[in-house]
Amino acid sequence: QVQVAESGGGLVEPGGSLRLSCTASAKIFSMYDTGWYRQTPGRQRELVAEISSGGQTNYLDSAKGRFTISRDDAKNTLYLQMNNLKPEDTAVYYCKLQYVFTTFWGRGTQVTVSS
């Protein structure tokens, strides 16, 4: 069983920045495709950004140009740099690791964008 833990969330004003981190206990972190998702009450969880084991990235349209996903396989860590945050980015952000049909999720970290 892989343990996944997110950190870095918090309260930030509109236009501010946060960097989320996700660490995993996976023995071979580099083999996992990874991603950041977010969810607000009453809505489905949505993909924000993903980065494959090979380094290919994909972003939610509203995140393009503001968010950057990256990973450090040597540290078993996934990052999400979020700039120019907007109130609509408020959500619980989750980290996901996937290898073929095996998926692991963290418990999430709350991001609140408000003045």
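The values are calculated or read from the model by the stated rules, or taken from the named source; none is laboratory data. Bear in mind that the values here come from a model prediction, so they are computed numbers and not experimental data. Don't worry about glycine lacking a Cβ; one is built from the backbone with ideal geometry, like all the others, and counts go over all protein chains shown. To get the accessible areas, we keep the full protein, side chains included, count just its heavy atoms, and leave off ligands, DNA and RNA. Shrake-Rupley method; radii C 1.70, N 1.55, O 1.52, S 1.80 Å.
Please identify every one of the trypsin sites (Lys or Arg not before Pro) in region 8-115 that sits in a loop by DSSP and has no more than 14 other beta carbons within 10 Å of its own beta carbon.
K27, R43, K64, R107
Placing unit charges on C-beta atoms (Lys and Arg positive, Asp and Glu negative, everything else neutral), compute the dipole magnitude of the chain about its Cα centre in debye, rounded to 20.
Dipole magnitude for the chain comes out near 140 debye.
Under the rule of at least 5 residues apart or a separate chain, name every residue whose amide H is placed under 5 Å from the amide H of L60.
A49
List the lysines whose Cα sits under 27 Å from the Cα of K64, skipping any in the same chain fewer than 8 residues away.
Of all the lysines, those that pass the test against K64 - Cα under 27 Å, at least 8 places apart if same chain - are K75, K86, K96.
Can you work out the PRE-style zone for S115? Point 7 Å along Cα to Cβ, and I want the residues of region 1-33 with backbone N under 12 Å.
Zone members listed by number: 13-16.
Leaving out ligands, DNA and RNA, what percent of the accessible area of the chain is carbon and sulfur, probe 1.4 Å?
46
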